[in-house]
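Q: Provided herewith is a single structure, encoded as structure tokens, for subsequent inquiry.
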Amino acid sequence: MRIGIPRETKTLEGRVALVPAAAADLVRRGHEVWVETQAGVKSGFSDEHYSALGVNIAADAATLYEKGELIVKVKEPIAGDLKHLRKDHLLFCYLHLAAEPELTSRLLDIGLTGVAFETVELENGDLPLLAPMSIVAGRIGVQVGTHLLHAPMGGKGKLLGGLPSTERGKVVVFGAGAAGGNSAELAASGGSNVVVFEKRQDRLAQMMALGANVTALFPYEDVVARELATADLVIGAVLVTGAKAPHVVTREMVASMQKGSVLVDISVDQGGCFETTRPTTWAEPTYDVDGVTHFAVTNMPGAVPQTSSQAICAAILPWVQKLASGEWRDNQALVRGINVEGGKLVHPALQDMGA
């Protein structure tokens, strides 16, 4: 099969879907692999890295999409990509269509088959292609939030971990999956007092086991409101597979928070779990609501492309191999990952929403 790896065009996005070693693996299996020129540069991989391993270099996006049958990229297609996509393309990337009605409409009009990383789902409900970027985003959320609490950034001027004779900072995390769990772990290891809200009992137990400075609670609305009122940093990492994230923080709760506090919404790709969330980019990452700084960048892992590209590639390569074989319809995890096909919505979460 002819596999195309385009250069990512989202604002300040530096990841590449397949690193040279992975592309070479596909070449050895008899596939024809094309990479758009400069696609891997921000991740530390030059065109020469690819060409030395038998990968073809496409001079531009038009050539790349013309050559490719299976298009493998990281982020959802935007304007520059959409004009090149065809009905016969098999698209494999993050799509997040529940939060993107216009993109959904465009893909339905094109009629291609779109398999989304975030909805490739194992029998036990695990999401193997979402997990690595969720881990990265969870850690970035704490790093960025810590920085935004600094007074020169408009924050309240608080050091999260504290030190002898001072208070510890307080971090509230919604969700204890890959993203939220990593946020909680990093915040706790830095000395913060951490409160994690989660509905699953097994995850609540995992969070409690992180240390004596971690409290794990069920998200009763009045308890959420109480904890938010004294939070320094709040991280949202709530996920319903394939669907829009529910709002777990209301506008009134945000208004009750102390000025200079920070909200980081990792769930923004799926619409956001704070009522006050709106998508931002790395070029303009923050905005203010009622004196509270909001950070809601839709491609958080893109800030560390060298790490993220290696992580996402290791996760997706076995699935790319299955798709490229042409005989993947008996793989139920991939079938569950189909979002759109032949002009129709396929994933149940999207059908339920009428996306």
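Throughout, read-outs are computed from the coordinates displayed, never taken from laboratory work. Note that the coordinates shown come from a computational prediction; the quantities given were computed from them, not determined experimentally. Every residue, glycine as well, gets a Cβ built from its backbone with ideal geometry; the counts of neighbours run over all protein chains shown.
Q: Sort 78-85, 108-115 by packing, meaning the average of other beta carbons within 10 Å per residue, with the highest value first. Working shown, then result.
A: Values: 78-85: 15.1, 108-115: 19.5.
The packing order, highest mean first, is 108-115, 78-85.
Q: Using Cβ counts within 10 Å as a stand-in for footprinting exposure, how do Tyr220, Tyr50 rank, fewest first? Could the numbers behind the result be given before it?
A: On the way: Tyr220 10, Tyr50 26.
Result, fewest neighbours first: Tyr220, Tyr50.
Q: Measure out, as a whole number of angstrom, how far apart the alpha-carbon centroids of the stretch 280-320 and the stretch 1-56 sit.
A: The distance from the Cα centre of the stretch 280-320 to that of the stretch 1-56 comes to 20 Å.
Q: Take the alpha carbon gyration tensor of the stretch 131-298, find the square roots of its eigenvalues, order them as a ≥ b ≥ c, and report rounded if a/c is under 1.5; if not, report prolate when a/b exceeds b/c, else oblate. Can you show the working numbers first?
A: Details: a/c = 1.32, a/b = 1.02, b/c = 1.29.
It is rounded, given that a/c, with a ≥ b ≥ c, falls under 1.5.
Q: Give, to the nearest whole percent, the P(r) tail of the chain beyond 27 angstrom, counting all Cα pairs. Let's see the in-between values first.
A: Numbers: 29409 of 62835 pairs.
Result for the distance tail: 47 percent.
Q: Can I ask one more? Using unit Cβ charges (K, R positive; D, E negative) and no other charged atoms, how large, in debye to the nearest 20, is the dipole of the stretch 131-298 about its Cα centre? Before the final figure, lay out each step's value.
A: Values: 13 positive and 15 negative charges, 42 e Å.
The dipole magnitude comes to about 200 debye.
Q: Is it possible to state the helix-based mean residue ellipticity at 222 nm for the chain, with each DSSP H run of 4+ residues giving -39500 (n - 2.57), the sum divided by total residues, to the nearest 500 deg cm²/dmol? What is it? Don't skip to the end; give the middle numbers.
A: On the way: 13 runs with 118 residues, N = 355.
It lands at -9500 deg cm²/dmol.
Q: Okay, next question. Tell me which DSSP H helices of the chain clear both cut-offs, 24 Å or more of axial length from alpha-carbon atoms and a mean Kyte-Doolittle hydropathy of at least 0.0. Intermediate results must be reported in sequence, preceding the final value.
A: Details: long enough: 131-148 (25 Å, 0.86); 305-324 (25 Å, 0.48).
In the chain, the long hydrophobic H runs are 131-148, 305-324.
Q: Taking the Cα centre of the chain as origin, sum charge times position over the Cβ atoms of Lys and Arg (+1) and Asp and Glu (-1), and report the length of that vector in debye to the nearest 20.
A: The dipole of the chain has a size of about 340 debye.
Q: I would also like to ask the following. As a test, work out the antiparallel percent of DSSP beta bridges whose residues both lie in the chain, rounded to the nearest 5.
A: Details: 8 of 46 bridges.
Once the DSSP bridges in the chain are tallied, antiparallel ones form about 15 percent.
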